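**Q** Provided herewith is a single structure, encoded as structure tokens, for subsequent inquiry.
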């Protein structure tokens with residue numbers, strides 16, 4: 001099952017880049033430095049004030065023209081830093097030194113001239129020169145986000161690349177696999193699907209609804225509790241039907257989790273691809289996708305999706321973030337008895353979120369870099385295959 005976030009009203013994420021540009025506040029020094037995001041293995045805006053320029057009045061006729069104005073009228077004033085935001089002079093000097101050193105490394109790698117120093121007081125100088133560097137990268141066609149990041153050890157410039165998952169929910173049903181494994185004629189299809197799923201569970205790290213603390217498992221538990229409450233069902237017959245459904249769901253969930261956790265299912269992956277005999281166009285398409293998953297596994301034998309996941313910049317505790325486990329998950333099956341309620345619950349929860357966890361790569365410039373790092377080769381191939389797999393599961 002594959003849904004675009006937004007296709008089930010009223011879902012719809014705000015534009016993350018715009019959101020991040022307004023919301024990057026964590027560990028800031030006067031709005032200049034961002035805290036490096038926390039990577040996960042496995043969610044306020046800052047308003048902008050505007051003001052209108054005053055109209056200029058023409059000098060009255062007959063008045064002697066003055067060639068000079070009082071000094072304070074020609075002086076440009078900068079906002080006063082609050083006591084909370086004041087930076088120790090020693091720390092400010094260190095930050096400026098680190099900034100210009102990393103700017104030199106950045107410009108050297110990207111073939112840019114280092115912008116001249118603005119002469120503004122700290123930290124406005126860094127803010128202005130950071131923007132100049134961003135414009136320089138943009139003018140050269142580099143689709144990266146430039147940040148001034150602060151960690152415990154250093155402050156330096158860094159480029160951030162984000163892989164977009166296109167706001168899509170990738171929910172993989174286990175019931176078709178169980179039905180295929182129980183089918184004598186099509187068991188080989190079920191075994192190959194088992195190997196694909198085993199790779200996604202054991203290596204990529206896709207969570208299963210029957211595992212401990214699974215996101216979709218929590219949704220199923222909540223729905224089961226609702227239907228077991230007195231007076232929720234219209235009659236006893238409806239209650240018993242739902243009770244039997246959930247008993248079967250958890251039985252099949254435990255069984256499928258066991259099958260996908262078997263080491264043999266992953267070890268036999270190559271052999272199952274090699275002996276598979278497709279008997280229809282749908283099976284031929286599925287075989288091609290399964291073979292591509294096998295190639296991805298061999299190219300990245302230990303790579304999990306959580307390795308490159310991090311929270312968006314500016315995320316705070318009260319922000320709603322769609323975690324990667326919420327859009328990539330094994331679920332029970334198509335057309336399940338509680339399908340509408342199941343989707344409504346997910347819709348209601350994700351509707352409260354404005355940010356999204358996605359794969360990100362950060363290249364730090366505290367030291368000279370020899371090349372622009374090419375990233376997301378794994379993620380690009382994985383999500384393209386997940387799109388295809390979701391389509392095949394509707395056809396098999």
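**Q** Do you know which of the residues in the stretch 188-207 that are part of a helix (DSSP H, G or I) and under 23 Å from the mean Cα position of the chain (by Cα) is nearest to residue 269 (Cα to Cα)?
**A** Here is the first cut: in the stretch 188-207, the residues part of a helix (DSSP H, G or I) are 188-204.
Then keep just the ones that are under 23 Å from the mean Cα position of the chain (by Cα); that gives 197, 199-204.
Working: 197: 10, 199: 8, 200: 12, 201: 13, 202: 13, 203: 13, 204: 15 Å.
Across the stretch 188-207, the extreme among qualifying residues is 199.
**Q** Sticking with this one: Kindly evaluate residue 314 against the criterion of being at positive phi, touching a helix residue (DSSP H, G or I) at 6+ places or on another chain (Cβ under 8 Å) and either surrounded by 20 or more Cβ atoms within 10 Å (Cβ to Cβ) or at pLDDT 95 or above (or both). Spell out how you get there, then give the answer.
**A** Working: at positive phi: yes; touching a helix residue (DSSP H, G or I) at 6+ places or on another chain (Cβ under 8 Å): yes; either surrounded by 20 or more Cβ atoms within 10 Å (Cβ to Cβ) or at pLDDT 95 or above (or both): yes.
So residue 314 fits the description; yes.
**Q** Take the conditions farther than 15 Å from residue 150 by Cβ and in a helix (DSSP H, G or I) and apply them to residue 129. Does it pass?
**A** Working: farther than 15 Å from residue 150 by Cβ: yes; in a helix (DSSP H, G or I): yes.
So residue 129 fits the description; yes.
**Q** While we're on this one: Considering each residue of the stretch 159-182, count those that are outside any strand (DSSP E or B), within 12 Å of the chain's Cα centre (by Cα) and more than 30 Å from residue 104 (Cα to Cα), and give that number.
**A** Going residue by residue through the stretch 159-182, those that are outside any strand (DSSP E or B) are 163-167, 174-182.
Then keep just the ones that are within 12 Å of the chain's Cα centre (by Cα); that gives 163-167.
Then drop every residue that is not more than 30 Å from residue 104 (Cα to Cα), which leaves 165-167.
Residues that pass the stated criteria total 3.
**Q** Residue 182 is checked against (1) modelled with pLDDT under 90; (2) under 30 Å from residue 246 (Cβ atoms) and fails just one. What number does that condition carry?
**A** Every condition holds for residue 182 apart from (1).
**Q** Among residues belonging to the stretch 91-112 that are touching a helix residue (DSSP H, G or I) at 6+ places or on another chain (Cβ under 9 Å) and in a helix (DSSP H, G or I), point out the one that is farthest from residue 140 (Cα to Cα).
**A** 95
**Q** When only residues in the stretch 277-320 that are assigned to a loop (DSSP other than H, G, I, E, B) and within 20 Å of residue 203 (Cα to Cα) count, which is nearest to the chain's Cα centre (by Cα)?
**A** Residues of the stretch 277-320 assigned to a loop (DSSP other than H, G, I, E, B): 277-280, 300-304, 311-320.
Adding the requirement that they be within 20 Å of residue 203 (Cα to Cα) leaves 300-304.
Working: 300: 20, 301: 22, 302: 20, 303: 17, 304: 14 Å.
Here the residue is 304.
**Q** Being touching a helix residue (DSSP H, G or I) at 6+ places or on another chain (Cβ under 8 Å) and under 28 Å from residue 295 (Cα atoms) is true for just one of 228, 183. Which residue is that?
**A** Working: 228 fails: under 28 Å from residue 295 (Cα atoms).
Of the residues listed, the single one that is touching a helix residue (DSSP H, G or I) at 6+ places or on another chain (Cβ under 8 Å) and under 28 Å from residue 295 (Cα atoms) is 183.
**Q** Can you pull out the residues in the stretch 208-230 that are surrounded by fewer than 22 Cβ atoms within 10 Å (Cβ to Cβ), touching a strand residue (DSSP E or B) at 6+ places or on another chain (Cβ under 8 Å) and not in a helix (DSSP H, G or I)?
**A** Once the filter is applied, which keeps residues that are surrounded by fewer than 22 Cβ atoms within 10 Å (Cβ to Cβ), touching a strand residue (DSSP E or B) at 6+ places or on another chain (Cβ under 8 Å) and not in a helix (DSSP H, G or I), the stretch 208-230 yields only 214.
**Q** Okay, next question. Which condition does residue 335 not pass, out of (1) assigned to a loop (DSSP other than H, G, I, E, B); (2) surrounded by 15 or more Cβ atoms within 10 Å (Cβ to Cβ), if it passes all the others?
**A** Looking at each condition in turn, residue 335 falls short on (2).
The values are calculated or read from the model by the stated rules, or taken from the named source; none is laboratory data. This is a predicted model, so every value here is computed, not measured. Don't worry about glycine lacking a Cβ; one is built from the backbone with ideal geometry, like all the others, and counts go over all protein chains shown.
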